[in-house]
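Colleague: Dropping a structure here in structure tokens format, bear with me for questions.
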Amino acid sequence: MKITETNNPFRGIWIFGDYRNYFQNRVTLQLIAKGKELAKKLNTEVTVLALGDHIHQYAMEYAAHGADVVMVVDHPILKSYQVETYTRLVAKIVEGYRPEIFLAGAISFGREFFPRLAKRLLTGLSADCMDLDVDPKNGLLLQTTPAFGGELLAEVVTPNHRPQMATVHPNIFEELPHNYGATARIIYPEVEIQLDERVQLVRSRPEQSRRAHLEDAAVVIVGGRGIGSEKHFQIIFELAELLGGEVGATRPVIKAGWTEEDRLLGQTGKTVKPKLLITVGTSGALQYTTGIQGAETIIAINRDPHAPIFKMADLGLVGDARSILALLVEKLRKRL
Ligand SMILES: Cc1cc2nc3c(=O)[nH]c(=O)nc-3n(C[C@H](O)[C@H](O)[C@H](O)COP(=O)(O)OP(=O)(O)OC[C@H]3O[C@@H](n4cnc5c(N)ncnc54)[C@H](O)[C@@H]3O)c2cc1C
């Protein structure tokens, strides 16, 4: 059925409340801020849907960050995320309330859960969006996402199915400041909560590896394929340590196993917004630069003066990465 302004029963912008790792993972708050902007254009409200056990403090946080409505499903069964249970439950709620737009962060959680949900709701999903807007002509959600292997940024619309669903990269939008005086309506939807027993959580434990905290780092040093080898990649860590920063990497580096996977930046990795980013031996492919475009100052080091990375760099150094880094590390060591 073609959805028109007169026969449209769908209303409101929904955001899936992902509160795990709340202080580092701010994507839900960033989506509330963007959702408010879109809601103004559509003359509607922003609702955050949160599932879990004893999660009222998060409902308060979402209200303080601008949500008009927080929908809470609070039950011991929902204490740990289980994709089948969550999908079935959220699909039922969505079918009952009929939101027009439904957004989630493009982090591991949203990347697993949202495609399943879209399939169950028989609607479309744009993954890894870099921007969102509303088409002033028809009110459709414009979902800007990398397409054709990241060669292009495509504007996707979902004209005939609802909700219009998208996952959005973290750190693209700014969260609104915390407002203690803000209020929101809290709704507890009546819904049957059933555990899907095909998959059961036996045990969970925090990852022990050298965790990267890239999203909130003020300084990020990125190494690309041009560094040459795992052994030489260690100088990226040395420089990061001297500057009090974090280490990021491009996809070939991750594929070669020179560093951990959670350091990948770009379309399929993380998005960073540091004050200073030094990118070394990276060519500047769009799939990578989408992850670093929010950096305040970018310094690029590459031996090829025509490398595309120089187009977005504030300062470019043409030369051999290893020699330049060795010199830099030596000078910094002397100064400290
Ligand atoms: C669907 C899809 C998704 C993707 N997602 C991502 C993503 O999320 N993140 C990502 O990073 N990539 C992603 N890619 C891969 C991306 O297209 C590029 O291939 C990748 O970013 C290139 O990494 P690089 O710049 O390290 O390597 P290269 O492109 O090989 O560049 C190496 C650079 O190092 C320079 N160099 C070589 N030796 C030296 C030296 N001694 N000193 C100084 N400079 C030197 C070279 O001049 C060159 O510019 C994706 C690709 C696809 C198809």
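Read-outs: derived from the displayed coordinates by stated rules, not from any lab. Since the structure is predicted, the reported quantities are computational estimates derived from the model, not experimental observations. Neighbour counts are summed over all protein chains in view; Cβ atoms, including those assigned to glycine, are modelled from backbone coordinates with ideal geometry.
Colleague: With just the Cα atoms defining each centre, how far is segment 121-146 from segment 215-238? Give it in Å.
Modeller: The two parts, judged by their Cα centres, are 34 Å apart.
Colleague: How far apart, in nm, are two points set 7 Å out from the Cα along the Cα-to-Cβ line at Leu286 and at Lys40?
Modeller: 3.0
Colleague: Note the full-extension length gain between Glu260 and Glu192 as 0.36 nm times their separation in residues minus their Cα-Cα distance, in nm to one decimal.
Modeller: Fully extending the segment from Glu260 to Glu192 adds 20.4 nm.
Colleague: Distance from the Cα centre of segment 7-86 to that of segment 174-197, in angstrom?
Modeller: 5
Colleague: Over the chain, calculate the relative contact order: mean separation of alpha carbon pairs under 8 Å at least 6 apart, over the residue count, as a percent.
Modeller: 15
Colleague: GluC sites (Glu not before Pro), restricted to segment 137-203: which are DSSP loop and have at most 15 other Cβ atoms within 10 Å?
Modeller: Glu151, Glu174, Glu190, Glu192, Glu197
Colleague: Which of Gly110, Gly294, Gly139 ends up with the largest GNM mean-square fluctuation for the chain, with Cα atoms connected below 10 Å?
Modeller: Its mean-square fluctuation being the largest, the pick is Gly139.
Colleague: Quick one: grab the alpha carbon gyration tensor of segment 155-263, order the square roots of its eigenvalues as a ≥ b ≥ c, and give me rounded if a/c is under 1.5, else prolate or oblate depending on whether a/b is larger than b/c.
Modeller: In terms of gyration-tensor shape, prolate.
Colleague: What is the order of Arg20, Arg198, fewest Cβ neighbours within 10 Å to most?
Modeller: Arg198, Arg20
Colleague: Hey, another quick one. At a Förster radius of 41 Å, what calculated FRET efficiency corresponds to the Cβ-Cβ distance of Arg303 and Ser108, to the nearest 0.05?
Modeller: Step by step, r from the Cβ atoms, then E = 0.70.
Colleague: Suppose the chain between His213 and Met312 were pulled fully straight at 0.36 nm per residue; how much longer would it get relative to their current alpha carbon spacing?
Modeller: Computed gain between His213 and Met312 is 33.3 nm.
Colleague: Once you've got the GNM for the chain with C-alpha springs shorter than 10 Å, pick whichever of Pro146, Pro189, Pro163 has the biggest mean-square fluctuation.
Modeller: Checking each option, the largest mean-square fluctuation is seen for Pro189.
Colleague: Sticking with this structure for a sec: At a Förster distance of 35 Å, what's the computed FRET efficiency of Asp133 paired with Glu241, Cβ-Cβ distance as r, to 0.05?
Modeller: The calculated FRET efficiency here is 0.30.
Colleague: Give me the compactness ratio for segment 183-336, meaning the Cα radius of gyration over 2.2 N^0.38 Å.
Modeller: So the Cα radius of gyration is 1.32 times the expected 2.2 N^0.38 Å.
Colleague: Between Asp320 and Gln200, what is the spin-label point distance in nm, taking each point 7 Å from the Cα along the Cα→C-beta axis?
Modeller: 6.1
Colleague: If the viscosity is 1.306 mPa s and the temperature 10 °C, what Stokes-Einstein diffusion coefficient in µm²/s follows for the chain when Rh is the Kirkwood radius over Cα pairs?
Modeller: The calculation lands on 74 µm²/s.
Colleague: Next question. Relative to the compact-globule scaling 2.2 N^0.38 Å, provide the ratio for the alpha-carbon radius of gyration of segment 34-164.
Modeller: 1.09
Colleague: Taking amide H positions as placed in the peptide plane 1.01 Å from N, state which residues far from Val134 in sequence (5 or more) or on other chains have amide H under 5 Å from it.
Modeller: Leu142
Colleague: Tell me, what ³J(HN,Hα) does each residue in segment 173-185 have, in order and in whole Hz, if you take phi through Karplus 6.51 cos²θ - 1.76 cosθ + 1.60 with θ = phi - 60° and put x for Gly and Pro?
Modeller: Using θ = phi - 60°, the values come out as 10, 8, 6, 7, x, 5, 10, 4, x, 5, 10, 9, 7 Hz.
Colleague: If each of Ala182 and Lys334 carries a label point 7 Å out from its Cα toward its Cβ, how far apart are those two points in nm?
Modeller: Output for this residue pair reads 5.1 nm.
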